[in-house]
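Take a look at the structure set out below.
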Number of protein chains: 4
Amino acid sequence: MAPAGGPRAKKGILERLENGEVVVGDGSFLLTLEKRGYVKAGLWTPEVVVEYPNAVRQLHMEFLRAGSNVMQTFTFSASEDNKESKWEDVNAAACDLAREVAGKGDALVAGGICQTSAYTHHKDEARVKQLFQRQLDVFARKNVDFLIAEYFEHAEEAVWAVEVLKALGKPVAATMCIGPDGDMHGVSPGECAVKLVKAGAAIVGVNCRFGPSTSLKTMKLMKAGLAAGLEAHLMVQSLGFHTPDCGKGGFVDLPEYPSGLEPRAATRWDIQKYAREAYKLGVRYIGGCCGFEPYHIRAIAEELAPERGFWPPASDKHGSWGSSFNMHTKPWIRARARREYWENLLPASGRPFCPSLSQPDV
Amino acid sequence: MAPAGGPRAKKGILERLENGEVVVGDGSFLLTLEKRGYVKAGLWTPEVVVEYPNAVRQLHMEFLRAGSNVMQTFTFSASEDNKESKWEDVNAAACDLAREVAGKGDALVAGGICQTSAYTHHKDEARVKQLFQRQLDVFARKNVDFLIAEYFEHAEEAVWAVEVLKALGKPVAATMCIGPDGDMHGVSPGECAVKLVKAGAAIVGVNCRFGPSTSLKTMKLMKAGLAAGLEAHLMVQSLGFHTPDCGKGGFVDLPEYPSGLEPRAATRWDIQKYAREAYKLGVRYIGGCCGFEPYHIRAIAEELAPERGFWPPASDKHGSWGSSFNMHTKPWIRARARREYWENLLPASGRPFCPSLSQPDV
Amino acid sequence: MAPAGGPRAKKGILERLENGEVVVGDGSFLLTLEKRGYVKAGLWTPEVVVEYPNAVRQLHMEFLRAGSNVMQTFTFSASEDNKESKWEDVNAAACDLAREVAGKGDALVAGGICQTSAYTHHKDEARVKQLFQRQLDVFARKNVDFLIAEYFEHAEEAVWAVEVLKALGKPVAATMCIGPDGDMHGVSPGECAVKLVKAGAAIVGVNCRFGPSTSLKTMKLMKAGLAAGLEAHLMVQSLGFHTPDCGKGGFVDLPEYPSGLEPRAATRWDIQKYAREAYKLGVRYIGGCCGFEPYHIRAIAEELAPERGFWPPASDKHGSWGSSFNMHTKPWIRARARREYWENLLPASGRPFCPSLSQPDV
Amino acid sequence: MAPAGGPRAKKGILERLENGEVVVGDGSFLLTLEKRGYVKAGLWTPEVVVEYPNAVRQLHMEFLRAGSNVMQTFTFSASEDNKESKWEDVNAAACDLAREVAGKGDALVAGGICQTSAYTHHKDEARVKQLFQRQLDVFARKNVDFLIAEYFEHAEEAVWAVEVLKALGKPVAATMCIGPDGDMHGVSPGECAVKLVKAGAAIVGVNCRFGPSTSLKTMKLMKAGLAAGLEAHLMVQSLGFHTPDCGKGGFVDLPEYPSGLEPRAATRWDIQKYAREAYKLGVRYIGGCCGFEPYHIRAIAEELAPERGFWPPASDKHGSWGSSFNMHTKPWIRARARREYWENLLPASGRPFCPSLSQPDV
């Protein structure tokens, strides 16, 4: 699977995007490992990296097989409470795991940082930047391929993150967890994109908090904001859940968050539509966030296989658009072996006492 | 985790049930490994056991941590096409994997066989029984702890399976994939249960094809059928999907099968209700089938922790009933840190263009 | 419209049914006049007959035009509280109104009585029968064409009603407001039907409390109960609301009763299906109860127009199956001018925060 | 009910609005009379006025009793095909009927005109205005109290209508059948309002095509458009159906239009919310259009009874907020005798195979 020259010979993230290639991101770690029994909802901390490394390795492997070109390090978010060196050990181990699996395929390692509670509490730029710097030190030592500043609710903090990260001299991507209404200070998606690019991000977009179609609406606004002269690659990593009803805060405000989201889970066919629409919009870095299971990532890679010219490894275990049912003994199941069937299916919830939409808590 | 005396000192399945203990089964292999990228929908064959043993080992580990007391071997179903020795190698490897993981906790290994296409084609008792016998030979050689005849649509074939399996002298459980309307020949659940017990099954029940509440309706009818003097332990391993709308054939006839079932997926809270109701009904072997992820198995173990006196290992990564949200910064999320909240939640599908129920294809 | 010989020349109810003719009943008075502003929900008393006779006359006319062959008198139900003569005046006026409108078309007048609160309170046969007798005296004086004992929850009281009514020597129909689970004492639909026929009813069936498809399920059970030798004509007058979720008590136990039932209202196409299925089942007296508006009655008459050989008067203001849209300027509305379109339409509720089904209060 | 001085002493429409009084409009004629059997869907022509005047008189009476202060004439819309004098006779008769019923209470007579197919075909101002003039001539002769130009998709044509109508010297109201996206030429609601006021309308707003909450969104935009100096009274007459899913063209594009709209029908409680929100927004002329039955109009009058100081006549047959259930024998129905119950009810559709929302046809 790996090119002959080994990992060092891999093309970098910007080289790929500048070539017009599609970069397939990876998917959900926190929620997926919560369901597998290794991460605690509410805390969402990644000690599993040292406690149960096989569980993390296995999930990385599944995303790699599904077609991911990026292994994001499963690292602690910055926190001044993490003063002990423990989190540094975890983060270093996370980098090693990501590198190990990336080496088995055509994937890069990305070191990720996200918003801090410090920002919310005191908005002290120096202190917040110091937290980012400490995380960056580990990524520098472990020589990740590029950096992602992700899951920021405030453009201001995201800009600080980009300013810290860019100092390493590696490509920086920046994604915010905002919807079409913009960030928590009322900065619109277009303005956010402009700020991030001006701060030094080469790739901008959104991740988490909002479902596939809502995330693409936000991307349209970001793209429009950048139209006036600024150059950046576009990136989207939406939830694997449908959230047409969520407010400005996204899915965390929905009553189903985080342990009743099942009926909102996207099908693989939903994700193929998402990948196609993202592509049409000009987004070339396409992945997922919470709720994106390996088969959702595979759906991106399969939808865009015609453009890319190849299929992901895990497609050898997948009959695209149900084609593997075409020999089924039951004729009504054979009838499902076609794209039109699955594209038009409106799947029932099996829950007649439940509504279709919820009122967000705020 | 393992008792001091090692695996050999473990209590057998019947000893546990006769003591009145709850035995927690395991969950979904085929559908779960399909989503992880290792099993092909339509074929549903378990070569992954030899191709990617780590993926199977990891899933066994997740179920063990979630509280499973049984590791079912992930083995090929019988087929006269499997004449080459390949399937025997796979099945032997599957037994080894199950035994390896079972040894890390308080779990037994169960060898499972299921219905044959041979039965459907010619109903030749001798040929069908020979297929069962060949599978049994591997289980005998690998010294599994007990045997499960599962996923039978016809009581007659299930009886044949029990007759073959019991010859090994190990306990035999038998579950059918039927709903309240009975088997495909019109044999009622009560009659099926009687036939299976008379044939030699010590444990009877249902698995797969129907969701939690439908499966429990069938169990009530089985229990009623056995009321007249016959003794057997009861076992249920339902789908992890809600299927109030499916007909006699179960979920395979629903238009969403198998790649659009997402909105039907049970929450952990749904499964706690299922575990409680199964327990009240007198069922003591409680597990799951397709769609049962590790966290669903953990939900069974947590719901019945008061009766059993202990929690499953994975509960150290779980705040039961959302208790881990009680320190959340947002008050409306803290308000979710209580049983009443999740018990009463009616989760929305986020899909206003989709119905609640589907018409089965037959 | 009226045959040359005038009302006296009309065929009687039994003559029609014995000829194999379809008799179209009428629809909802209480709920319809409540919405028009003339009847108070909760009390449901018909003083409107004397207070606003035009409102009642108009509704009778609408049902007549829609195709009803029966004008049911809009009369007070029996109550020992109604000792003053007021109710007798109302009931006499109601008979006159029904007769007046019936005279304008091919309709008969039916005097209706229903269950008493006296039965619930003391179950004193003599007192209950006396109440029925007092109502019957008015009907006798006003010379109604036949009698209907309707809306009985208990077969025992319905039998008493039939016993009183048959003494007049006119045909007696008897319908109960029960579902497939039978009456409030646990008497099955089949047994109820047998009791009513043995008591002297020439026509038996169900009315009110349950929606179209549920009412037909009950009719199947009644028909099966009568299969063993007893002869009776079958009659169904279901709700105009869908109630798949209601329990034994019917729609009054649903949380939407009586002022939130709107989203459950049947379309005209639903009623055409109901009429067709009732006809196939052998039911020949087909009408409606609460929620049946004039256009629902017309839908019965239109669906069965091929069998009957004529259309109801109001069909001159109706393009059957949307045929009147076939000249619409918008092509997508012209596309609705066909039976297939409306038969297959699954109408949305426009209410994504509402569920599909409710839990009954008991 | 009528003030001592007789109809001539009634306050005019502007006098009422300038006093800050609430004017309750009337409701649905076309769809309501279609269901009663007197108007043909698709044609929607009001010959019933001469064919079955009692049916029209009765509906006017119901709205009057429900609290309407306006009787809109049930008149033909303009059409060059209506060259024969027939439509003039119908329109004159319609004026007489409206006047007759208005005389029985505190209601005014409004002559209404709406958009023409002529506009769509050739946009010839002179010809279109001539059509309006011919209708106006009848209204002048019959001395209606004020005029309404309603159901216009294009601001341009609505302006022409206002220009014709104002020549009579009576107050002119103008409502468009547009949603928040504006008219069919892309003129925004705010701009439409400005044009109508500048043309001479004293009252502006929306009617038909969109449900209660959507119509109020449009009203907000109209109000905002008028904020810059222009003075006008606001008026809303929404559908009695929920249409959150309809596109720019409104409910006619929904697949349920016009004969499958039942599940979308508003409850009386929905309309109380609508009346309250309209009032809060500053709208003082509040009525309804298609789907508004008499009890919906009553709901407006009851919701605003505290502000107005009186209840509509039909409230003597209504226990507001279910208060008439407070003596019911069943405790769970007594529990429905309170505002909180009905305000919070989320009524089920009873249709689990139907979605919540539809895709409009365009």
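The values are calculated or read from the model by the stated rules, or taken from the named source; none is laboratory data. In this text, all values refer to a predicted model and were calculated from it rather than measured experimentally. Glycine also receives a Cβ, built like all others from the backbone with ideal geometry; neighbour counts cover every protein chain displayed.
Need a quick list: helices (runs of 4 or more DSSP H) entirely within region B:12-59 having at least 2 residues that are in contact with a helix residue (DSSP H, G or I) (Cβ under 8 Å, 6 or more places away or on another chain) and free of Cβ contacts under 8 Å to residues at least 24 places away in the same chain. Even if it seems obvious, please write down each step before you answer.
On the way: elements: B:13-18, B:30-36, B:48-51.
Result: B:30-36.
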If you scan region A:11-42, which residues turn out to be among the aliphatic types (A, V, I, L, M), facing chain B (nearest Cβ under 9 Å) and farther than 18 Å from A:Gly112 by Cβ? A:Ala41
Considering every residue within region A:289-306, establish whether at least one is at pLDDT below 95 and of a type in the set (Phe, Trp, Tyr). no
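For (1) modelled with pLDDT under 95; (2) surrounded by fewer than 21 Cβ atoms within 10 Å (Cβ to Cβ); (3) assigned to a helix (DSSP H, G or I); (4) basic (Lys, Arg), each residue gets a yes or a no:
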site	(1), (2), (3), (4)
D:Phe139	no, no, yes, no
D:Glu156	no, yes, yes, no
D:Ala161	no, no, yes, no
D:Lys166	no, yes, yes, yes
D:Gly190	no, yes, yes, no
D:Ala201	no, no, no, no
D:Lys217	no, yes, yes, yes
Do the conditions hold for A:Ser117, that is, is it within 11 Å of chain B (Cβ to nearest Cβ) and of a type in the set (Ser, Thr, Tyr)? yes
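Counting only residues that are hydrophobic (A, V, I, L, M, F, W, C) and within 12 Å of C:Pro212 (Cβ to Cβ), which one in region C:261-280 is farthest from the other protein chains (Cβ to nearest Cβ)? I'd like the intermediate steps shown before the answer.
Looking only at region C:261-280, we keep the residues that are hydrophobic (A, V, I, L, M, F, W, C), and these are C:261, C:265-266, C:269, C:271, C:275, C:278.
Now narrow it down to the ones that are within 12 Å of C:Pro212 (Cβ to Cβ): C:265-266, C:269, C:271, C:275, C:278.
Details: C:Ala265: 4, C:Ala266: 7, C:Trp269: 7, C:Ile271: 11, C:Ala275: 16, C:Ala278: 19 Å.
My answer is C:Ala278.
Looking at region B:112-128, can you tell me whether even one residue there is under 20 Å from B:Glu293 (Cβ atoms) and surrounded by 22 or more Cβ atoms within 10 Å (Cβ to Cβ)?
Yes, region B:112-128 contains at least one residue that is under 20 Å from B:Glu293 (Cβ atoms) and surrounded by 22 or more Cβ atoms within 10 Å (Cβ to Cβ).
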Out of the residues in region D:229-244 that are surrounded by fewer than 24 Cβ atoms within 10 Å (Cβ to Cβ) and part of a loop (DSSP other than H, G, I, E, B), state the one that is nearest to the other protein chains (Cβ to nearest Cβ). D:Pro244
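Restricting to region B:247-260, name every residue that is in contact (Cβ under 8 Å) with a residue 60 or more places away in the chain, within 19 Å of the chain's Cα centre (by Cα) and facing chain A (nearest Cβ under 9 Å). Reasoning before the result, please.
Here is the first cut: in region B:247-260, the ones in contact (Cβ under 8 Å) with a residue 60 or more places away in the chain are B:247-250, B:253-256, B:258-259.
Subset that is within 19 Å of the chain's Cα centre (by Cα): B:249-250, B:258.
The answer is B:Gly249, B:Pro258.
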From the options D:Gly288, D:Gly225, D:Gly260, D:Gly211, residue that is buried (at least 24 other Cβ atoms within 10 Å of the Cβ) and touching a Gly at 6+ places or on another chain (Cβ under 6 Å): D:Gly288
Quickly run through region D:312-331 and pick out the residues that are modelled with pLDDT of 95 or more and closer than 17 Å to D:Trp269 by Cβ. D:Pro312, D:Ala314, D:Ser315, D:His318
Here is a list of conditions, (1) within 17 Å of B:Cys289 (Cβ to Cβ); (2) without any contact (Cβ under 8 Å) to a residue 12 or more places away in the chain; (3) more than 9 Å from chain A (Cβ to nearest Cβ), and B:Met71 meets all of them except one; can you say which number that is? (2)
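Would a scan of region D:99-111 turn up a residue that is of a type in the set (Gly, Ala, Ser), touching a Cys at 6+ places or on another chain (Cβ under 9 Å), buried (at least 22 other Cβ atoms within 10 Å of the Cβ) and modelled with pLDDT of 95 or more?
To start, the set of residues in region D:99-111 that are of a type in the set (Gly, Ala, Ser) comprises D:102-103, D:105, D:107, D:110-111.
From what's left, touching a Cys at 6+ places or on another chain (Cβ under 9 Å): D:111.
Next, only the ones that are buried (at least 22 other Cβ atoms within 10 Å of the Cβ) stay: D:111.
The next check asks that each one be modelled with pLDDT of 95 or more; those that pass are D:111.
Checked against the condition, which is being of a type in the set (Gly, Ala, Ser), touching a Cys at 6+ places or on another chain (Cβ under 9 Å), buried (at least 22 other Cβ atoms within 10 Å of the Cβ) and modelled with pLDDT of 95 or more, region D:99-111 yields at least one hit.
Only residues that are in a loop (DSSP other than H, G, I, E, B) and closer than 23 Å to B:Val204 by Cα: list them for region B:258-281, please.
B:Leu281
Tally the residues that are acidic (Asp, Glu) and buried (at least 19 other Cβ atoms within 10 Å of the Cβ), restricting the search to region A:291-337.
Step one: list which residues in region A:291-337 are acidic (Asp, Glu), which gives A:293, A:302-303, A:307, A:316.
Right, trim to buried (at least 19 other Cβ atoms within 10 Å of the Cβ) and you get A:293, A:302-303.
Number of matching residues: 3.
For residues that are assigned to a strand (DSSP E or B) and not aliphatic (A, V, I, L, M), scanning just region C:203-215, find the one that is farthest from C:Ala265 (Cα to Cα).
The residue in question is C:Gly205.
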Taking the criterion of being of a type in the set (Val, Ile, Thr) and assigned to a helix (DSSP H, G or I), would at least one residue in region D:116-125 satisfy it? yes
Does region B:174-185 contain at least one residue that is surrounded by fewer than 19 Cβ atoms within 10 Å (Cβ to Cβ) and more than 21 Å from the chain's Cα centre (by Cα)? yes
Might you check whether a residue that is of a type outside the set (A, V, I, L, M, F, W, C), more than 28 Å from the chain's Cα centre (by Cα) and under 18 Å from B:Pro263 (Cβ atoms) occurs anywhere in region A:306-327? no
